Structure formats: C-alpha cells, structure tokens
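Reading through the structure tokens given below for one structure.
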C-alpha cells in the first residue's frame, strides 16, 4: 500500500469519525418528539411506542424519545403539523397513516380539511412494513367467504373517511360489487374493535394484518373472526387461501384503480420529518432507523410480540409515491370518486 492510499484511508476514517462525533454532539441530551397521527392504543401508536424503545440506542448521543398522539382526519392534522409547524432541526418526527400521503392526489377530505403539504418534500425516514390489509368479519355473522357478501348489506367501522377502514370498503364496492356501509366516528382501531365485539358492525375492513396479529392474535386462534379478503401485492404466506382483492376485480381499469389505492400498503407505518431538516441529522435518523430494522434484539422482540417488520428505505417510499402520482388521469379520476365519500353515517355512541 503506497503513502497516498494510506493517507486517503486515514482521511476517510477521520471524516467518518468526525461525522459520528457531530451527530453525537447534536443529539447528546436531546429529546426527539415522535408525533403519532393516530389515537393511543391503535396499531400506529403501538408500533411507534415499540420503535421509541429501540431507536434511541441506534442514534449517536442516545436521545430520549417522547411519543405524542395527535389524531385527526386520518393523520391530516399531524402531517400538516410536521410539514408546517414542527421544529426543523431533527428533533421532531412523525408516524403518520400511510393513506394521508396520497391526499394531495385524491383531495378526498374536502373543503376546510386541505392537505397543506407536499409528500415528496417531506424528509422521509422510512417505513416499517409493507402491509397486507384484510377484511375480517365477526364469527357470529353469516359471512364465511367473499361470495357470501354479494347481495348483502355489510356494516363496517372507521374513524374517518380517509382512513384505510373507510377507503377499502368503498374500493370493494366500486370494483367488486359489494354493498358495504361505513359507520364513521369511532375512536381509532380500539373503538372499532369494541364495536365489532359488541355487534354494532359486522366487519373491520382495511385492518393491517400485522396490527391484527399483534393486537388480537388470540381472535384468530379462537376463530372469533374470519378473514375474507386481503389487499397487497401478493398473498401473505400466512393466508395462502384468502383471495387478493385484485383477484376479485373484473376489468383492467378496476385492477389499476385497486393498485393505485393499494399503493399505501407498500409504505406501511411510514416515518417522516419536516422539510429542510439539515442533511446531517437526516442521515443520522435514517441510519438509526435502518440499523434498528436489522437489529437482532429488535427483530426478536418484534417476532415475540407478533409485530410485522418488512421495512422500506426513504428512497423506496419516494419511488412508490412518485409512481402513484404519475398514474393515468382516468385511473386517478375513478380512484378519486372512490376516495371521496359523499354519504357519511356517523356512529352516535
């Protein structure tokens, strides 16, 4: 090895060491506020609190994480907050619902609830999983397979009109010929779960399979619920006999619409920071996130808790978003009609 090669190697090592020192100096003694765009007790909240226990150890300086819930309009409130108001120094990040990322494309929420953000300009950290969403029905209902839904009115619950719990039922109605009515106004996943147990609704539609297994895995063991449909790129290995939504549609346009709306599943449990966070802090946050996703202790605990991990990098999240926003106008138009709910039946309890 010649002197020039040795000098370059020493310089590179010194630069890496200096960058690590800078990150440690910045985050030493700091607190990172993790804003969760969902109610306490739900799937997004559960994932965020799990990550908040493991993430600090993957960031130089070991900052403290504090989880703060900011529910509202399917994470619209929290996403607008993180984009426009939150500190832009790398000490405030958010766990947002994946569906809200596409609100600027669909404009489903309507007047007075505008998306005041550009998803491509958020500082993306990554996503925890590539989700498979499912439709489950309570065991006391007469629905044992998808074909049993045809010609029947099925009640399903949701917190807001842009959440997966409301979007997937409308998607099924438009592309599969079902008659599913969405009852909105429940307080997050926990509220919908209670409604299902009480018999107020027949189904939960658009529930992340990872959330189902981690929160209510015993339901599956005890056969308290039946899974009738799954939504994703491929059949989940634990549900080989449950049909994909794309297998139940009849036309190419419907399949394209289903794929566009289902794009949210590819960035399940996303984590973002405000725009214009310094590059050094973003590099640290992303490296810590990816390091956590590969950590043996983290993965072992996730497996024990039935928390599904199939992470995506920030770059992959942006590719999914850019591809969705480049969809043909006719596909976007039909998808928008599905996304915009004109009739909203509120839960009065």
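Quick note: the coordinates plus some simple rules give every number you see, no bench work behind them. Keep in mind that this is a model prediction, so the values were computed, not measured. Using ideal geometry, Cβ is built from the backbone for each residue, glycine included, and neighbour counts are taken over all protein chains shown.
I need the Debye-formula profile for the chain: one equal scatterer per C-alpha, no solvent, reported as log10 I(q)/I(0) at q = 0.09, 0.13 1/Å, two decimals.
-0.50, -0.98
Pairing the Cα long axis of helix 43-54 with the longest principal axis of the chain, what angle in degrees results, from 0 to 90 and rounded to the nearest 10?
The angle comes out near 20 degrees.
Using DSSP, restrict attention to beta bridges with both residues in the chain and report what percent are antiparallel, rounded to the nearest 5. Walk me through the numbers on the way to the answer.
Numbers: 20 of 39 bridges.
Counting only bridges with both partners in the chain, antiparallel ones make up about 50 percent.
If I histogram all Cα-Cα distances within segment 47-187 using bins 10 Å wide from 0, what percent of pairs lands in each bin?
Reading the bins upward from 0: 10, 33, 30, 19, 8, 1.
Using Cα pairs under 8 angstrom and six or more residues apart, how large is the relative contact order of the chain, in percent? Mind dumping the intermediate values first?
Numbers: 659 pairs, mean separation 86.8, N = 349.
For the chain, the relative contact order is 25 percent.
In degrees between 0 and 90, to the nearest 10, how far off the longest principal axis of the chain does helix 164-176 point, with axes built from Cα atoms?
50
Is the shape of segment 202-349 best called rounded, prolate or oblate, per the rule: a/c under 1.5 gives rounded, else a/b larger than b/c gives prolate, else oblate, with a ≥ b ≥ c the square roots of the Cα gyration tensor eigenvalues?
oblate
Cα-based Rg (one decimal) and Dmax (whole number) for segment 178-244, in Å?
Radius of gyration, then largest Cα-Cα span, for segment 178-244: 12.4, 33 Å.
In terms of the Cα gyration tensor, with a ≥ b ≥ c the square roots of its eigenvalues, is segment 235-305 rounded because a/c is under 1.5, prolate because a/b exceeds b/c, or oblate? Mind dumping the intermediate values first?
Values: a/c = 4.97, a/b = 1.55, b/c = 3.20.
Oblate.
Taking the Cβ-Cβ separation of residue 145 and residue 24 as r and a Förster radius of 56 Å, what is the calculated FRET efficiency to the nearest 0.05? Spell out each step's value before the answer.
Numbers: r = 56 Å, r/R0 = 1.00.
Once rounded, the FRET efficiency stands at 0.50.
With a cut-off of 8 Å between alpha carbons and a minimum separation of six or more residues, what is the relative contact order of segment 118-203 in percent? List each step's numbers first, then the result.
Values: 95 pairs, mean separation 27.7, N = 86.
With pairs under 8 Å counted, the relative contact order is 32 percent.
Expected output is a single nm value to one decimal: the length gained when fully extending between residue 62 and residue 323, i.e. 0.36 nm times separation in residues minus the C-alpha distance. What is it? Don't skip to the end; give the middle numbers.
Details: separation 261, 0.36 × 261 = 93.96 nm, distance 3.59 nm.
Extra length available between residue 62 and residue 323 comes to 90.4 nm.
log10 I(q)/I(0), Debye, Cα-only segment 45-85, no solvent, q = 0.16, 0.27, 0.31, 0.33 Å⁻¹?
-0.53, -0.92, -0.98, -1.02
In nm, to one decimal, how far is the modelled label at residue 306 from the one at residue 241, with both set 7 Å along Cα→Cβ?
1.9
Taking the Cα atoms of segment 129-273, what is the range of coordinates along each of the three principal axes, in descending order and whole Å?
44, 38, 31
Work out, step by step, the length gained on full extension between residue 31 and residue 315: first 0.36 nm times the residue separation, then minus their alpha carbon distance; give nm to one decimal.
On the way: separation 284, 0.36 × 284 = 102.24 nm, distance 2.60 nm.
Difference between extended and current length: 99.6 nm.
Testing the spin-label approximation: label points 7 Å from Cα along Cα→Cβ at residue 233 and residue 198. State their distance in nm.
According to this spin-label approximation, the distance is 4.0 nm.
For the chain, what is the calculated [θ] at 222 nm in deg cm²/dmol (nearest 500), taking -39500 (n - 2.57) for each run of four or more DSSP H residues and dividing by its residue count?
When only DSSP H runs of four or more count, the value is -13000 deg cm²/dmol.
Provide the gained length on full extension for the span residue 250 to residue 294, in nm with one decimal, where the gain is 0.36 nm per separating residue minus the Cα-Cα distance. Spell out each step's value before the answer.
Details: separation 44, 0.36 × 44 = 15.84 nm, distance 4.00 nm.
Additional length available on full extension: 11.8 nm.
In whole angstrom, how far apart do the alpha carbon centroids of segment 180-218 and segment 219-260 sit?
17
Helix 329-339 versus the longest principal axis of the chain: what is the Cα-based angle in degrees, 0 to 90, to the nearest 10?
70
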